[in-house]
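The values are calculated or read from the model by the stated rules, or taken from the named source; none is laboratory data. Model, not experiment: these values are computed from the prediction. Neighbour counts run over all protein chains shown; Cβ positions are idealised from the backbone, glycine included.
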């Protein structure tokens, strides 16, 4: 009897994890992923077959663009029926944005798409790259009753798998670079891989994968701060072609009560600009109307971002605008959890 191995496609987009140091020159250079198994023999111990592919020109994640999110989604679409899971190697700086975007672009996803990266290059003596890579592949290949254990876009870093659209990068120096402050992690790696099934995206009736390929970039983010000028708000709201604004407010969704400030927001909403209220706190939720300082926002129909991250909010906006959700339904759809991005 021949054992059929799980097939995993490893997609390298760029980032620190794909770099090795030339010890003669001290310069970092791109790793040859066709030599992956030779360079990381531990992968032979995994009960899965691994194929690799790379972007023609790997990019630093700081240069990541919505067209690159669509490119990754299209690669997954092209190879969806040939593989049991996908691991996307990505720079850590914008990984949460990409994970969030992919969760919206890949509708009816029924297989694991795991993003990972590292803080140190794969060839470094103290690298976190090998553990992140090996465990991400292992999680992507996990099966329960011949079905994938994980059926959503996840982000794996430093022993934990998170729902991708719940994550935020919190540290540029520690190996524990990411956090999911409003939702528990899905898997934890220790002596054993502990899967917390109660937090996984629920298994629904299998539907055909739909890959969306339109992202509208006419959006902006504005973080409030004490003393913010009305001219700043006005200039942002007057950007030509602007369709939506993520407004990072204080605490549970509070903002200045200055009438001129509120009138600018009301005028923008009346002109068809969607304004999303997202807390600038690391954790917690927007509860408009809890305090007087958010009551006016609620009355003028500012969209409640609840406990969504800024990364998920901006990518959800791009996705919804690209999908041409009607103005009449926009608030209702945004305030609805589409891929587990909010409670």
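Would you call residue 36 in contact with a strand residue (DSSP E or B) (Cβ under 7 Å, 6 or more places away or on another chain), closer than 12 Å to residue 134 by Cβ and modelled with pLDDT under 80? Don't jump to the end; show me each part of the working.
Numbers: in contact with a strand residue (DSSP E or B) (Cβ under 7 Å, 6 or more places away or on another chain): yes; closer than 12 Å to residue 134 by Cβ: yes; modelled with pLDDT under 80: yes.
Yes.
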Applying the selection to region 158-204, what residues are free of Cβ contacts under 8 Å to residues at least 40 places away in the same chain, surrounded by fewer than 17 Cβ atoms within 10 Å (Cβ to Cβ) and in a strand (DSSP E or B)? 188, 194
Considering every residue within region 236-255, establish whether at least one is part of a helix (DSSP H, G or I), surrounded by fewer than 18 Cβ atoms within 10 Å (Cβ to Cβ), more than 19 Å from the chain's Cα centre (by Cα) and not assigned by TED's automatic domain parsing to the domain that holds residue 181. yes
Any residue at all in region 218-233 that is under 16 Å from the mean Cα position of the chain (by Cα), in contact (Cβ under 8 Å) with a residue 24 or more places away in the chain and surrounded by 15 or more Cβ atoms within 10 Å (Cβ to Cβ)? no
Given the criterion touching a strand residue (DSSP E or B) at 6+ places or on another chain (Cβ under 8 Å) and within 20 Å of residue 96 (Cα to Cα), identify the matching residue among 315, 293, 249, 279. 279
Only unsatisfied item for residue 272, checking (1) more than 29 Å from residue 204 (Cβ to Cβ); (2) free of Cβ contacts under 8 Å to residues at least 40 places away in the same chain, is (2)
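Can you pull out every residue in region 140-157 that is surrounded by fewer than 22 Cβ atoms within 10 Å (Cβ to Cβ) and touching a helix residue (DSSP H, G or I) at 6+ places or on another chain (Cβ under 9 Å)?
Within region 140-157, the subset surrounded by fewer than 22 Cβ atoms within 10 Å (Cβ to Cβ) is 142-149, 151.
The answer is 144, 148, 149.
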Which residue out of 163, 205, 151 is farther than 23 Å from residue 41 by Cβ, out of contact with any strand residue (DSSP E or B) (no Cβ under 8 Å at 6 or more places or on another chain) and modelled with pLDDT of 95 or more? 151
Given the structure, is residue 209 surrounded by 12 or more Cβ atoms within 10 Å (Cβ to Cβ) and free of Cβ contacts under 8 Å to residues at least 60 places away in the same chain? no
